[in-house]
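These notes concern the structure reproduced below.
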Amino acid sequence: MSVYDKLKQAGITLPPISAPVAAFVPYVRSGKLLFLSGHIAKRDGKPWVGQLGGQLTTAQGKQAARGVAVDLIGTLHVAAENLDNIDRIVKLMILVNSAPGFTEQHMVANGASELLVEVFGDIGAHARSAFGVAQIPFGSCVEIDLVAEIK
Amino acid sequence: MSVYDKLKQAGITLPPISAPVAAFVPYVRSGKLLFLSGHIAKRDGKPWVGQLGGQLTTAQGKQAARGVAVDLIGTLHVAAENLDNIDRIVKLMILVNSAPGFTEQHMVANGASELLVEVFGDIGAHARSAFGVAQIPFGSCVEIDLVAEIK
Amino acid sequence: MSVYDKLKQAGITLPPISAPVAAFVPYVRSGKLLFLSGHIAKRDGKPWVGQLGGQLTTAQGKQAARGVAVDLIGTLHVAAENLDNIDRIVKLMILVNSAPGFTEQHMVANGASELLVEVFGDIGAHARSAFGVAQIPFGSCVEIDLVAEIK
């Protein structure tokens with residue numbers, strides 16, 4: 001089953017790639033590696049604002065991380081021309097906008113990690129780092145960047 | 001026009017590469033990739049101390065990020081032997097020392113991103129992640145690391 | 001002297017590789033690069049909880065970072081099959097769980113950097129970024145990820 005079939009099965013429609021808001025680009029290819037820029041969580045097309053351990057629950061953060069993963073897959077679709085050209089999801093850096101006492105960044109991060117495995121199967125299993133940051137551009141609750149290997 | 005001409009045109013003199021303060025090195029080459037260590041913002045040769053959203057304005061942060069980019073180019077000059085050997089600026093991670101309510105990390109980051117495009121042209125356009133951190137070594141306001149591809 | 005001899009000389013026993021707590025893996029290989037997931041500081045098998053500049057001193061943080069480096073070497077041992085297959089420690093990202101005023105992240109980070117040079121010699125000297133984060137999963141005091149090159 002192709003990655004596109006799995007996306008359809010999961011009821012996921014890929015978004016158009018976001019135009020960067022500054023002098024940078026959504027992705028750069030170097031050899032077989034694709035480096036994707038940090039993508040921030042959005043809801044209804046706007047930054048999903050809030051801190052985990054503050055206004056947002058872990059469940060909401062996990063949902064936000066899943067949404068960022070959908071956007072990252074949308075960027076991979078453009079970068080790799082075809083998602084079936086992806087050989088491996090290599091590494092994720094998952095930033096969680098965290099109030100001082102919040103320590104469940106790994107549970108928030110699972111929203112992205114689980115979707116990638118659901119969609120890509122074994123080659124979706126990745127190395128990752130997840131941690132709490134002081135803030136994220138536009139006050140968004142989650143930001144994720146990604147390294148993938150292309151065939 | 002070579003990268004050095006563009007630097008001269010922008011009135012930029014490259015600094016000597018900083019000696020690392022610990023058991024690490026300013027850069028490592030692996031295959032065609034150069035991985036540069038995090039460089040912190042300095043002013044008059046000392047760490048430029050302060051938080052965005054606290055003592056420092058977004059404009060000052062942007063200026064600090066531009067200064068870090070100059071230092072990163074100085075390190076690239078040594079690492080690549082000649083800046084015209086750089087094939088692509090691949091990825092930046094831009095850390096902004098942020099007071100709780102500050103959400104303009106992307107605008108601070110543009111100080112570095114815009115300089116790289118100014119100096120390197122199209123191959124200076126990079127993927128990036130920018131976010132707010134709780135602190136930076138020596139209390140510096142901005143820290144940036146970089147991955148570049150060499151010819 | 002092999003890396004294993006140096007570990008023995010330093011009195012270090014490698015731990016078994018930790019099972020990941022979620023839909024991700026401890027490492028991914030892409031070409032000659034090994035990308036290791038963020039490893040958190042532990043003591044007596046449990047997360048070593050606390051903030052630098054809060055409950056923990058810089059000396060304790062440095063010890064925690066050294067412990068994380070031991071765990072990272074344990075993962076490298078599995079990933080590379082033999083540590084003598086490691087060609088270079090390329091890059092570390094060192095996250096320090098930091099109370100607002102703490103600015104000695106570089107000194108904490110040295111705990112990991114110095115061990116890698118002690119064990120691997122010249123090829124252990126790496127690029128790195130060290131900074132203060134708002135929180136780390138499970139409230140751990142230090143988290144480190146690593147990129148290495150394999151022969």
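The values are calculated or read from the model by the stated rules, or taken from the named source; none is laboratory data. What you are looking at is a predicted structure, and each value in this text was computed from that prediction instead of being measured. Here Cβ is always computed from backbone atoms with ideal geometry, including for glycine, and neighbour counts include all displayed protein chains.
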Exercise. Could you tell me which residue of the range B:122-150 is nearest to the chain's Cα centre (by Cα), considering only residues that are surrounded by fewer than 21 Cβ atoms within 10 Å (Cβ to Cβ) and free of Cβ contacts under 8 Å to residues at least 60 places away in the same chain?
Key: B:A125
Quiz item: Out of the residues in the range C:51-61 that are under 17 Å from the mean Cα position of the chain (by Cα) and over 30 Å from B:V147 (Cα atoms), which is farthest from the other protein chains (Cβ to nearest Cβ)?
Solution: C:Q60
Quiz item: Only one of (1) outside any helix (DSSP H, G or I); (2) hydroxyl-bearing (S, T, Y); (3) in contact with a Lys or Arg (Cβ under 8 Å, 6 or more places away or on another chain) fails for A:T103. Which number is that?
Solution: (3)
Practice problem: Being of a type in the set (D, E, K, R) and at pLDDT below 95 is the filter; apply it to the range B:1-42 and report the residue that is surrounded by the fewest Cβ atoms within 10 Å (Cβ to Cβ). | Solution: B:D5
Quiz item: How many residues are assigned to a strand (DSSP E or B) and either out of contact with any Phe, Trp or Tyr (no Cβ under 7 Å at 6 or more places or on another chain) or more than 9 Å from every other protein chain (Cβ to nearest Cβ) (or both) if we restrict to the range B:23-33?
Solution: 3
Quiz item: Does C:I150 qualify as being closer than 30 Å to B:P100 by Cα, among the hydrophobic types (A, V, I, L, M, F, W, C) and touching a helix residue (DSSP H, G or I) at 6+ places or on another chain (Cβ under 9 Å)?
Solution: no
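With the requirement that a residue be within 7 Å of chain C (Cβ to nearest Cβ), in contact with a helix residue (DSSP H, G or I) (Cβ under 8 Å, 6 or more places away or on another chain) and not in a strand (DSSP E or B), what does the range A:114-145 give you?
Listed by number, the residues that qualify are A:E114, A:V117, A:A125, A:H126.
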Self-check item: Verdict on A:M93 being part of a strand (DSSP E or B) and either in contact (Cβ under 8 Å) with a residue 40 or more places away in the chain or within 14 Å of chain B (Cβ to nearest Cβ) (or both)
Solution: yes
Quiz prompt | Set B:G121, B:G45: member being modelled with pLDDT under 95 and closer than 17 Å to A:Y27 by Cα | solution = B:G121
Exercise. Determine if the range C:79-86 includes at least one residue that is among the polar types (S, T, N, Q), within 12 Å of the chain's Cα centre (by Cα), surrounded by fewer than 23 Cβ atoms within 10 Å (Cβ to Cβ) and away from chain A (no Cβ under 14 Å).
Key: no
